[in-house]
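The values are calculated or read from the model by the stated rules, or taken from the named source; none is laboratory data. All values reported here derive from a predicted model rather than from experimental measurement. Note that we place each Cβ from the backbone using ideal geometry, even for glycine, and neighbour counts take in every protein chain shown. The area values use the complete protein model at the heavy-atom level, side chains included, leaving out ligands, DNA and RNA. Shrake-Rupley method; radii C 1.70, N 1.55, O 1.52, S 1.80 Å.
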Amino acid sequence: LMVMAGLATLPYLAAAGLWGLAGLSSFVFAVRALAPGGIFLLAGLLFPGTTMALLSGQTGLLFAAALGGGLALLERQPMGAGLLLGLLVLKPNLAPLVPLALIAGRRWRALTGAGISALLLALAALAAFGLDPWQGFLSNLRTIASWDEAGLLRSWRMPSVYMSIKSIGIASSTAMALQLLAALGAAGAVVWIWRQPAPQSVRNAVLVAAVPLASPYVFEYDLVILILAVLALW
């Protein structure tokens, strides 16, 4: 909201252009840090999820930049990596597996950095706007749930396990139970691989791939993060 408050002082097209440029440039820096080389940057820019995230005007590119940048710095600068990963509170529905991975991998400095940046963001937002936005966030969760019950959420825009199962006519309760199983499986895979002496690139790829499996509410513009898994393995 602090970023939006600044953009709101500009004409719409200027604000939209600046927002898109900020997201794309942050994403480019993250890709270059994670996988240096022109061919990898080209792959990141041509990835369909990148286009969808840019056109939607949503936060997918910034989330991918924080996640990719944090993972890229994890070996060399763990505290800096944690400070970036803490920014993932921007999308709390997609963030839970990240601290789980850091705990499983015993990345205590990175976990500390993530806690610091997340807490500072929360305190700054609280000081700037008070409690109203927090209450609005919780209210919006109930709104999304009501839209789901009314059938207003489109499965093609929400490629989660939950919505994919619902789209073939299975009841919401069953779909959510299966989503929970998928989330537990994704969490288990992350914990297992981050506890192993596996290459960091493999750990990163498993974490990134698991993130969209763990939440029932994932949108198409969130899937830009999957290119990070491709680049990590490549």
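Of all residues in region 183-216, those being over 16 Å from residue 99 (Cβ atoms) and crowded, with 17+ Cβ neighbours inside 10 Å number 5.
From the list 101, 110, 43, pick out the single residue that is of a type in the set (A, V, I, L, M, F, W, C), under 16 Å from the mean Cα position of the chain (by Cα) and within 20 Å of residue 205 (Cβ to Cβ).
101
Within the option set 209, 214, being among the hydrophobic types (A, V, I, L, M, F, W, C) and free of Cβ contacts under 8 Å to residues at least 40 places away in the same chain holds for one residue only, 209.
Of the residues making up region 175-182, not a single one is assigned to a helix (DSSP H, G or I) and either at pLDDT below 90 or within 17 Å of the chain's Cα centre (by Cα) (or both). All conditions in (1) more than 25 Å from residue 128 (Cα to Cα); (2) without any contact (Cβ under 8 Å) to a residue 40 or more places away in the chain hold for residue 8, with the sole exception of (1). Give the residues of region 4-40 that are within 18 Å of the chain's Cα centre (by Cα) and farther than 24 Å from residue 75 by Cα, sorted by residue number. Passing the criteria: 19, 20, 22, 23, 24. Scanning region 41-55 for residues that are of a type outside the set (A, V, I, L, M) and open to solvent by 40 Å² or more (accessible area, probe 1.4 Å) yields 47, 48, 51.
Determine if region 158-171 includes at least one residue that is touching a residue at least 12 places away in the same chain (Cβ under 8 Å) and over 30 Å from residue 20 (Cα atoms). Taking every residue of region 158-171 in turn, at least one turns out to be touching a residue at least 12 places away in the same chain (Cβ under 8 Å) and over 30 Å from residue 20 (Cα atoms). Close Cβ contacts (under 9 Å, 6 or more residues apart or on different chains) running from residues in region 112-130 that are over 15 Å from residue 79 (Cβ atoms) to residues that are surrounded by 15 or more Cβ atoms within 10 Å (Cβ to Cβ) and not aromatic (Phe, Trp, Tyr) comprise 121/86; 121/87; 121/89; 121/90; 122/89.
Just the residues that are under 11 Å from residue 33 (Cβ atoms) and among the aliphatic types (A, V, I, L, M), please, taken from region 75-108. Listed by number, the residues that qualify are 81, 84.
Give region 150-175 a look and list any residue that's closer than 23 Å to residue 226 by Cα, of a type outside the set (D, E, K, R) and touching a helix residue (DSSP H, G or I) at 6+ places or on another chain (Cβ under 6 Å), or say none. 153, 155, 161, 162, 163, 165, 167, listed by residue number.
Of the residues making up region 116-161, those that are of a type in the set (Ser, Thr, Tyr) and either more than 17 Å from residue 92 (Cβ to Cβ) or open to solvent by 40 Å² or more (accessible area, probe 1.4 Å) (or both) are 139, 143, 146, 155.
On the given criteria, is residue 108 over 20 Å from residue 214 (Cα atoms) and either of a type in the set (Phe, Trp, Tyr) or touching a helix residue (DSSP H, G or I) at 6+ places or on another chain (Cβ under 7 Å) (or both)? When the stated conditions are applied, residue 108 passes them. Within region 24-37, the set of residues being of a type outside the set (A, V, I, L, M), open to solvent by less than 60 Å² (accessible area, probe 1.4 Å) and modelled with pLDDT under 95 comprises just one member, 37.
Can you find even one residue in region 154-163 that is on the phi > 0 side of the Ramachandran plot, over 16 Å from the mean Cα position of the chain (by Cα) and outside any helix (DSSP H, G or I)?
The answer is no, given that none of the residues of region 154-163 is on the phi > 0 side of the Ramachandran plot, over 16 Å from the mean Cα position of the chain (by Cα) and outside any helix (DSSP H, G or I).
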